Each structure stands twice: as structure tokens, then as C-alpha cells.
Amino acid sequence: MPRRSPRKEPVEEGRAARVAAAITRYPRETVGILMATAATAIIFVNALFLQNGPHPAPIFAPKPPAREVRTIPLPAPRSAPVRVDAPAQAAPIAPPAAAMTRAQLIAEIQRELTRKGFYDGTSDGIWGAKTDTAVREFLRAAGLKMSAEASDALLRAIAASNVHAAAQAAAPRNDPIAQLLAPSKRILAVQGALSDFGYGQIKPTGVIDTDTRAAIEKFERERNLPVDGDITDQMVRELAAVTGRPLE
């Protein structure tokens, strides 16, 4: 075996002695240096051999390769044909409706009744007791079974009829019983006024029935009149003053 040089052995022993003395003198610092050295070694080994990919936070990050920009030529735009719309024609304006108002309709009915001699009042467009009585007399004289309400059908029926009140009055009446049972204008007017002003559901028949008496009694109690259910002069005057209608 070759022997070590006698000069090297004292030198190595002196170094080992100095290292041992330094460790003995500075044990904490020595341990810290060893731990830092071991941690550094572990980091390098992990970074170099144990990572599957590049380090998530490398100290010297390589620059990403420049991407190649490819220019795609666009087709030339086609010129769209110019569309010229024809000027829109204005919608025709509908003519105003020719329907009459209720007041105008009633006024026309009153004029036709006046021509036929059944009505002698003013054509004011108000459906009062006088107008109602005239309409009912016309319907009875003409033998028409239709509603005595203001309507276009009633106006056409009156205008087309040849019945005249004068002819009816001049016609001889040979039935005295029928004359006694004929509807009374005064009763018709009272029944129409009581019905229109909410004193009962009364049908203007010209004859005093149970419903008419009940309505008269209700009106008399409200107006502090003697309650008898009859159509008296006092009751008629009071009803005319309340409703504003001529009942005679």
C-alpha cells in the first residue's frame, strides 16, 4: 500500500481540528449552515429532476415564441342593388258615421208623430210622458206589436205608416165598452213618469193595476201626501213638479 505523505497528514489533521473547534464553538451557526445547504440542495434536485413540466415561477422565464399572424384575404364586398320603394299611398279616410244621437232620434220621432197628428208638443229630443203617450197611441192605431222605445225601427215605422190621428178620431165608434176600457192618456203619463223615476216596474197600459197603485202609494209616502193609491189632481201636480214633465 502506498503511504500518505507525512507532510499532508499533519495538515489534514490540523484542518479537521479547526473544523471541529469551529463546530464546537459555534454549534447553532453550524447547524443553520448545514440546514440551509441541505434545503438548497433539495430545491435544485426538485427543480432539475422531479418537475414534470417547467417551473411555475422560474427565476429566468424564457420569452414565449412570437405567434405567426396570418392574414386572410376577405372577399370584395358586392354592391347591393339599390331598392327604390314606391311612395306609400295614404289610406282612405273613412267617412264619419251617419248614426244619429239619441236626442236627434227622439226629435225625428216627435216630428213624424206631429205630421201624423199624434203629437202636439215641441221636437226637443226629450222622451217625456207626452212623447211616450203619443208613441203608444200610434202603435195602437197602426196595430203594430213593437216596443215603444226610441229606435230606428220605430222611426221608420212611423214615417212609412198611413195612419193619421185625425182619421182615427173621425172614425165612428160603435163599441161603448171599448171606449170605457180605452187607455187613459193621464194614466199612461203617470205610469211612465213613475217607472222612469224608479217608483216601480210599471208597464204603461193606461189602466190602474196593482203595480201602479203600489208605485203611487210609494210616491205619496215620500212626498207626505194622503196615501190612497189613486191618481188625484194633487198627486199629478206633485209628480209633474218632481219629474219636470207635463202630465196633462
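No value in this document is a laboratory result; all are computed from the given coordinates. Note that the structure is predicted; figures quoted are calculated from it, not measured. Here the Cβ is made from the backbone with ideal geometry for all residues, glycine too, and neighbour counts use every protein chain on show.
Output ³J(HN,Hα) for segment 214-223: one whole-Hz value per residue in order, computed from phi by the Karplus curve 6.51 cos²θ - 1.76 cosθ + 1.60 with θ = phi - 60°, and x for Gly and Pro.
With the stated coefficients, segment 214-223 comes to 5, 5, 5, 5, 5, 5, 5, 5, 5, 9 Hz.
Could you compute the net charge surrounding E149? Neighbours are other residues with a C-beta less than 13 Å from the C-beta of E149; K and R count +1, D and E count -1.
With Lys, Arg at +1 and Asp, Glu at -1, the net is 0.
Using a ≥ b ≥ c from the Cα gyration tensor of segment 101-171 (square roots of the eigenvalues), is it rounded, prolate or oblate, where a/c under 1.5 gives rounded and otherwise the larger of a/b and b/c decides, a/b for prolate?
It is prolate, given that a/c is not under 1.5 and a/b is the larger ratio.
For R102 and N162, what does the FRET efficiency come to when R0 = 25 Å and r is the distance between their Cβ atoms, rounded to the nearest 0.05?
0.40
Whole-Hz Karplus ³J(HN,Hα) for segment 130-140, in order, using 6.51 cos²θ - 1.76 cosθ + 1.60 and θ = phi - 60°, x for Gly and Pro?
Coupling constants for segment 130-140: 5, 5, 4, 5, 5, 5, 5, 5, 5, 4, 5 Hz.
Which ordering of M100, M35, M235 is given by a fewest-first count of other beta-carbon atoms within 10 Å?
So the residues, fewest neighbours to most, are M35, M100, M235.
Each residue of segment 197-210 in order: what ³J(HN,Hα) in whole Hz does its phi give by Karplus 6.51 cos²θ - 1.76 cosθ + 1.60, θ = phi - 60°, with x for Gly and Pro?
Those phi angles translate into 9, x, 8, x, 7, 10, 9, x, 10, x, 10, 6, 10, 5 Hz.
In what order do I23, I42, I216 fall by count of nearby beta-carbon atoms within 10 Å, going from fewest to most?
On the way: I23 14, I42 11, I216 26.
Sorted ascending by nearby Cβ count, the order is I42, I23, I216.
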